[in-house]
1. Just name the residue that is farthest from P148 (Cα to Cα) out of those in segment 60-114 that are in contact with an Asp or Glu (Cβ under 9 Å, 6 or more places away or on another chain) and small (G, A, S).
2. Go through (1) hydrophobic (A, V, I, L, M, F, W, C); (2) in a loop (DSSP other than H, G, I, E, B); (3) crowded, with 18+ Cβ neighbours inside 10 Å for I113 and report which single condition fails.
3. Among the residues of segment 136-158, what is the count of those that are in contact with a Ser or Thr (Cβ under 9 Å, 6 or more places away or on another chain) and in a loop (DSSP other than H, G, I, E, B)?
4. Among what's in segment 49-71 and is β-branched (V, I, T) and within 17 Å of the chain's Cα centre (by Cα), pick the residue that is surrounded by the fewest Cβ atoms within 10 Å (Cβ to Cβ).
5. For segment 1-40, what are the residues that are in contact (Cβ under 8 Å) with a residue 12 or more places away in the chain, on the phi > 0 side of the Ramachandran plot and out of contact with any Asp or Glu (no Cβ under 8 Å at 6 or more places or on another chain)?
6. Please verify whether I161 is outside any loop (DSSP other than H, G, I, E, B), at negative phi, touching a Gly at 6+ places or on another chain (Cβ under 7 Å) and not charged (D, E, K, R), treating the condition exactly as stated.
7. When you scan segment 162-183, do you find a residue that is surrounded by 14 or more Cβ atoms within 10 Å (Cβ to Cβ), closer than 24 Å to C35 by Cβ and among the polar types (S, T, N, Q), even just one?
Amino acid sequence: MNQPLVHAINVHKSFHGNEVLKGIDLDVEAGEVVCLLGPSGSGKTTFLRCINQLETIQGGRIYVDGELAGYTERNGKLYRLNDKQIAAQRREIGMVFQRFNLFPHMTAWENVIEAPVKVKGVSKEEAGKRADELLARVGLEDRADHYPAQLSGGQQQRVAIARALVTNPALILADEPTGALDSKTTADVVETFVRLNRE
């Protein structure tokens, strides 16, 4: 039987004695869109960061695409992977942040090609073709040569979505991707996610 794309079992995470994640279980199937809702400080961002191994869990297990995240298991014991192995796992996950996190000194196109060229070793020409395709899919083909400061908040977020998609990740995590946007722009960004998931 195939495992879900994300399979979290009894996940615990504390900061300075404050338990933020208290035994979280979650399954997300491939192609499924799941929204985590809750008040500020309830652990939504922490949980996403744990899935992407930007935070280390202190109990439980998280599997992404059938692979145990951050650890290897031998004889029932968990052993932490090294930084290089964790980075390799993280390459299969796209991340979209609330504040866009675009490189300000790079154009939209350059922001999108950065990961495939620098992290995955894809040629600039091949990454550029993929960037052109993705920027067109998010409606920004005419803004490819613009810097983040020359783009609206919604346009910056759509660049961030294209950047998250460019490496063909198994999973995309979006941490409050519309939190910094007005209601109309929020609707546009949500529609972009829905359309891209459908495609």
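1. Selected residue: G60.
2. Every condition holds for I113 apart from (2).
3. Qualifying residue count for the region: 7.
4. Filtering first and then ranking leaves T56.
5. G23, G31
6. Considered against the rule, which asks whether it is outside any loop (DSSP other than H, G, I, E, B), at negative phi, touching a Gly at 6+ places or on another chain (Cβ under 7 Å) and not charged (D, E, K, R), I161 comes out as no.
7. Filtering segment 162-183 for residues surrounded by 14 or more Cβ atoms within 10 Å (Cβ to Cβ) gives 162-167, 169-178, 180-181.
Next cut, closer than 24 Å to C35 by Cβ only: 162-167, 169-178, 180-181.
Narrowing further to those that are among the polar types (S, T, N, Q): 167, 178.
Yes, because at least one residue in segment 162-183 is surrounded by 14 or more Cβ atoms within 10 Å (Cβ to Cβ), closer than 24 Å to C35 by Cβ and among the polar types (S, T, N, Q).
For every residue, the table says whether it meets (1) outside any helix (DSSP H, G or I); (2) surrounded by 11 or more Cβ atoms within 10 Å (Cβ to Cβ); (3) within 19 Å of the chain's Cα centre (by Cα).
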{"position": "N2", "(1), (2), (3)": "yes, no, no"}
{"position": "L36", "(1), (2), (3)": "yes, yes, yes"}
{"position": "S40", "(1), (2), (3)": "yes, no, no"}
{"position": "F47", "(1), (2), (3)": "no, yes, yes"}
{"position": "G94", "(1), (2), (3)": "yes, yes, yes"}
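The values are calculated or read from the model by the stated rules, or taken from the named source; none is laboratory data. Bear in mind the structure is a predicted one, so any value in this text is a computation, not a measurement. For neighbour counting, all protein chains shown are included, and Cβ atoms are generated from backbone atoms with ideal geometry for every residue, glycine included. Quick note on the areas: whole protein, heavy atoms, side chains included, nothing else; ligands and nucleic acids left out. Shrake-Rupley method; radii C 1.70, N 1.55, O 1.52, S 1.80 Å.
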